[in-house]
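Report on the structure given below.
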């Protein structure tokens, strides 16, 4: 199958990015080194092209009702200009995808979904659309830039008349940005470093990218690849679909009880509520290595007696801590912060310790 290309594919190649197939797209994984790019975002400012993400627009008097029936969080609480993290539960206890829900207007919403799940999510939501909600998939015509880091506001403020300091976390505005009208400027991101996500149509994407890079040049802004995006979210303990959450993991097991609200009925809500009340048997935890080693996805997690108690779902060397870190599911009794666990790395069994998230101070 031919790889899809984001609107700025040629720009990334000219910048010397290493391009790799990711979720059906040709994407920049790094420009310099993962560590350098990671630290640029944590300490300064960097810009990701995450235009592979999917955007669905749902509109009409029953749009909220449809969203309420397929998502776990309570979208009725949203006011115009607010966004919400949520998930799409499936019918047997797992998760179809995690997503963001944006309230654009009184009867209009934008759902932002993972690139690898665009078709799957579209079909999933569509099967519940029994009341004629207008659904539009604009994934292929929109670009998304995540400008992340403590100096993001400083870089972006000259490009818009909107006061960026007034856009609180998980809120957004639609306004002129970099000379382009109707750009969504959202105080969201998946790095834990602060910043904004900029949604723009593909036609204006090169102009917006160039203006951001130009405005950031005095502050040494850098383009950042997916490699650093992964280590940044891992240090924060944010779930990655396909690794830490999937069709077999429940929101409660994944620590996503806070986005699972029983103030309404939604897909599989009775079983999930029962699971919450009865208690979970396994839990997603963050951990840091005590012994020297780097945990990787699917490595076994064991207890002191050598019994397998779970598996690693995400793991890497933390550029911030300079030690191995990871996320993984363990049986409930081993999920308390401070608990010693052991990771089977090749032919060694190395000590780690369960930590409260985020993994960095």
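Taking the criterion of being without any contact (Cβ under 8 Å) to a residue 24 or more places away in the chain and part of a loop (DSSP other than H, G, I, E, B), the residues of the stretch 11-54 that qualify are 16, 33. Looking at the structure I just gave you, is residue 327 touching a residue at least 12 places away in the same chain (Cβ under 8 Å) and within 19 Å of the chain's Cα centre (by Cα)? It is true that residue 327 is touching a residue at least 12 places away in the same chain (Cβ under 8 Å) and within 19 Å of the chain's Cα centre (by Cα). Among the residues making up the stretch 273-294, those that are touching a helix residue (DSSP H, G or I) at 6+ places or on another chain (Cβ under 9 Å) and either closer than 30 Å to residue 345 by Cβ or assigned to a helix (DSSP H, G or I) (or both) are 276, 280, 281, 282, 283, 285, 286. Criterion first (touching a residue at least 12 places away in the same chain (Cβ under 8 Å), crowded, with 17+ Cβ neighbours inside 10 Å and out of contact with any helix residue (DSSP H, G or I) (no Cβ under 8 Å at 6 or more places or on another chain)) does residue 116 satisfy it? Criteria met by residue 116. Looking for something within 20 Å of the chain's Cα centre (by Cα), surrounded by 17 or more Cβ atoms within 10 Å (Cβ to Cβ) and closer than 18 Å to residue 53 by Cβ - is there at least one such residue anywhere in the stretch 152-161? No, the stretch 152-161 has no match at all. Return yes or no: is residue 306 under 26 Å from the mean Cα position of the chain (by Cα), without any contact (Cβ under 8 Å) to a residue 60 or more places away in the chain and more than 15 Å from residue 236 (Cα to Cα)? So residue 306 fails the test. Are any of the residues in the stretch 147-154 free of Cβ contacts under 8 Å to residues at least 24 places away in the same chain and farther than 20 Å from residue 175 by Cβ? Checking the stretch 147-154: not a single residue is free of Cβ contacts under 8 Å to residues at least 24 places away in the same chain and farther than 20 Å from residue 175 by Cβ. Restricting attention to the stretch 242-264 and to residues that are in contact (Cβ under 8 Å) with a residue 24 or more places away in the chain and touching a helix residue (DSSP H, G or I) at 6+ places or on another chain (Cβ under 7 Å), the residue that is nearest to residue 66 (Cα to Cα) turns out to be 264.
Let's see how each residue does on (1) farther than 25 Å from residue 41 by Cα; (2) at pLDDT below 95; (3) out of contact with any strand residue (DSSP E or B) (no Cβ under 7 Å at 6 or more places or on another chain); (4) in the same structural domain as residue 42 (by TED's automatic domain parsing):
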position	(1), (2), (3), (4)
286	no, no, no, no
312	yes, no, no, no
320	no, no, yes, no
354	yes, no, no, no
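Say whether the condition of being assigned to a helix (DSSP H, G or I), buried (at least 18 other Cβ atoms within 10 Å of the Cβ) and in contact with a strand residue (DSSP E or B) (Cβ under 7 Å, 6 or more places away or on another chain) is met by at least one residue in the stretch 2-10. The answer is yes, given that some residue of the stretch 2-10 is assigned to a helix (DSSP H, G or I), buried (at least 18 other Cβ atoms within 10 Å of the Cβ) and in contact with a strand residue (DSSP E or B) (Cβ under 7 Å, 6 or more places away or on another chain). Checking each residue in the stretch 179-196 for being closer than 24 Å to residue 38 by Cβ and touching a residue at least 60 places away in the same chain (Cβ under 8 Å) picks out 186, 188, 191, 192, 193, 195. Here is the figure for the stretch 123-136: residues that are within 21 Å of residue 87 (Cα to Cα), surrounded by fewer than 17 Cβ atoms within 10 Å (Cβ to Cβ) and in contact (Cβ under 8 Å) with a residue 24 or more places away in the chain total 3.
Only a single item in (1) crowded, with 20+ Cβ neighbours inside 10 Å; (2) part of a strand (DSSP E or B) is not met by residue 254, and it is number (2).
Taking the numbered list (1) under 23 Å from residue 95 (Cα atoms); (2) out of contact with any strand residue (DSSP E or B) (no Cβ under 7 Å at 6 or more places or on another chain) in turn, residue 211 passes all entries but (1). Each residue in the stretch 319-328 was checked for being in contact with a helix residue (DSSP H, G or I) (Cβ under 8 Å, 6 or more places away or on another chain) and farther than 8 Å from residue 234 by Cβ, and 3 of them qualify.
Return the residue satisfying two criteria in turn: it lies in the stretch 295-318 and is out of contact with any helix residue (DSSP H, G or I) (no Cβ under 7 Å at 6 or more places or on another chain) and over 25 Å from residue 248 (Cβ atoms), and of such residues it is surrounded by the fewest Cβ atoms within 10 Å (Cβ to Cβ). Among them, the one singled out is 305. Count of the stretch 211-241 residues, restricted to those that are more than 23 Å from residue 361 (Cα to Cα) and touching a residue at least 24 places away in the same chain (Cβ under 8 Å), is 12. Which one of these is out of contact with any strand residue (DSSP E or B) (no Cβ under 6 Å at 6 or more places or on another chain) and more than 22 Å from residue 316 (Cβ to Cβ): 33, 69? Unique residue meeting the criteria: 69.
The values are calculated or read from the model by the stated rules, or taken from the named source; none is laboratory data. Bear in mind that the values here come from a model prediction, so they are computed numbers and not experimental data. In this analysis, Cβ positions are derived from the backbone assuming ideal geometry, glycine residues included, and neighbour counts consider all displayed protein chains.
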